[in-house]
Amino acid sequence: MTVMMTAARAALMAGAALAASAAIAQSAAPAAHSRLDDIVKSGTLRACATGDYKPYTYRRPDGQFEGIDVDLVASLAKSLGVKPVIVPTTWKGLMDDFTAGKCDIAVGGISVTLDRAARAYYSRVVMVDGKSPIVRCADVAKYQTLADLNQPSTRAIANPGGTNERFARQYLPKATLTIHPDNVTIFQQIADGRADVMVTDTSETLLQHKLIPSLCPVNPDKPLQFGEKAYLIPRGDDILKQYVDQWLNLSQKTGEYQAVVDKWLK
């Protein structure tokens, strides 16, 4: 019995010694570096945005950016005590610009996709959205289903390099597809009769209906495809992700986020 107790006591003492050594080593180890440290040190928060996607980001003719995510980036920057800087990009070049380190986060109605998730972290979801058609109001009854849209007689239109073009190429292979380089003027192409339909995020179809009343969303309460939007964060940077997620959580819980959304959508 005495031998067993001695052995047990020795094992406990050895375990305690190992735990103490591990604690000392952990306390002595340098803190993990994060882009968050660089942001605070530089005094600026750089956010990539395309500037062509109302109501999220829009680059005005004077070069200034505005929109939901521009306001929210300003809020995030303020929480860190730094200045926001919008870095222009394109949908086609978004991921390359982001992974090259041209910005600290990327915003502006960015859909959550697996190919982007393979190259970067996403923040917590900022909005649940989906893909819906927008057409001339007189044609709403004509384009009720995906089968209605996927016809040789349908003149579809999409902006290049993003999920709208991907959706059109995957689900509307029979339609005549035009890739229009300017996502700001693309909806006027439909209103003017040079195209029939664009499938884009439901939130964008609702806004464009307000801006161009002759255009109407088709069944916006029943999107053709589920979608979520979030911010891009450098892959592997858990510290920055945790901070952005917590800021978003507080913004959403306190009503700040919804107030910004309402400012642009209502």
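The values are calculated or read from the model by the stated rules, or taken from the named source; none is laboratory data. Computed from a predicted structure; not experimentally measured. With ideal geometry, Cβ positions are generated from the backbone for all residues, glycine too; neighbour counts draw on all protein chains shown. Calculation scope for accessible area: heavy atoms of the full protein, side chains included, ligands and nucleic acids excluded. Shrake-Rupley method; radii C 1.70, N 1.55, O 1.52, S 1.80 Å.
Structure notes:
- Which listed pairs, of Lys131/Lys266; Lys210/Lys241; Lys83/Lys222; Lys222/Lys263; Lys174/Lys266, have C-alpha distances above 30 Å, in listed order: Lys210/Lys241; Lys83/Lys222; Lys174/Lys266
- The chain: relative contact order in percent, alpha carbon pairs under 8 Å with at least 6 residues between: 24 percent
- Rolling a 1.4 Å probe across all protein chains gives Asp62 an accessible area of roughly 100 Å².
- Tail weight of P(r) past 17 Å, computed on alpha-carbon pairs of the range 205-266, percent: 62 percent
- For the range 131-226, alpha-carbon Rg relative to the globular expectation (2.2 N^0.38 Å, N residues): 0.93
- Between helix 256-265 and the chain: long-axis angle, C-alpha atoms, 0 to 90°, nearest 10: 10 degrees
- Accessible surface of the chain, 1.4 Å probe, proportion on carbon and sulfur as whole %: 59 percent
- With one equal scatterer per alpha carbon and no solvent term, the Debye-computed log10 I(q)/I(0) for the range 53-123 at 0.19, 0.25 1/Å reads -0.84, -1.33.
- Mean residue ellipticity (222 nm) of the chain, computed from DSSP H runs ≥ 4 via -39,500 (n - 2.57), nearest 500: -12500 deg cm²/dmol
- Whole-number D in µm²/s for the range 51-208 (Stokes-Einstein; Kirkwood sum over Cα pairs; 25 °C, 0.890 mPa s): 145 µm²/s
- Percent RCO, i.e. relative contact order, over the range 118-252, from Cα pairs under 8 Å lying at least 6 residues apart: 44 percent
- Between Ala191, Gly51, Leu146, the Cα set farthest toward the positive side of the dipole of the chain (charges on each charged residue's Cβ, about the Cα centre) is that of Leu146.
- Averaged per residue, the range 131-226 has 46 square angstrom of accessible surface, using a 1.4 angstrom probe with ligands and nucleic acids left out.
- For the chain, the longest principal axis of the Cα atoms and the long axis of helix 68-80 meet at an angle of about 20 degrees.
- For the chain: Kirkwood Rh in Å [reciprocal of mean 1/r, alpha carbons]: 20.9 Å
- Taking the C-alpha atoms only, the angle from helix 238-254 to the longest principal axis of the chain is near 60 degrees.
- Think of each Lys and Arg Cβ as +1 and each Asp and Glu Cβ as -1; about the Cα centre, that makes the dipole of the chain roughly 180 debye.
- Close amide H pairs (under 5 Å, H built 1.01 Å from N) link Ile86 with Ala47, residues at least 5 positions away or on another chain.
- Note on Lys142: accessible area is roughly 120 Å² with a 1.4 Å probe, heavy atoms of protein only.
- In summary, the aspartates and glutamates within cross-link reach of Lys142, defined as a Cα separation below 17 angstrom excluding same-chain residues under 8 places away, comprise Asp196.
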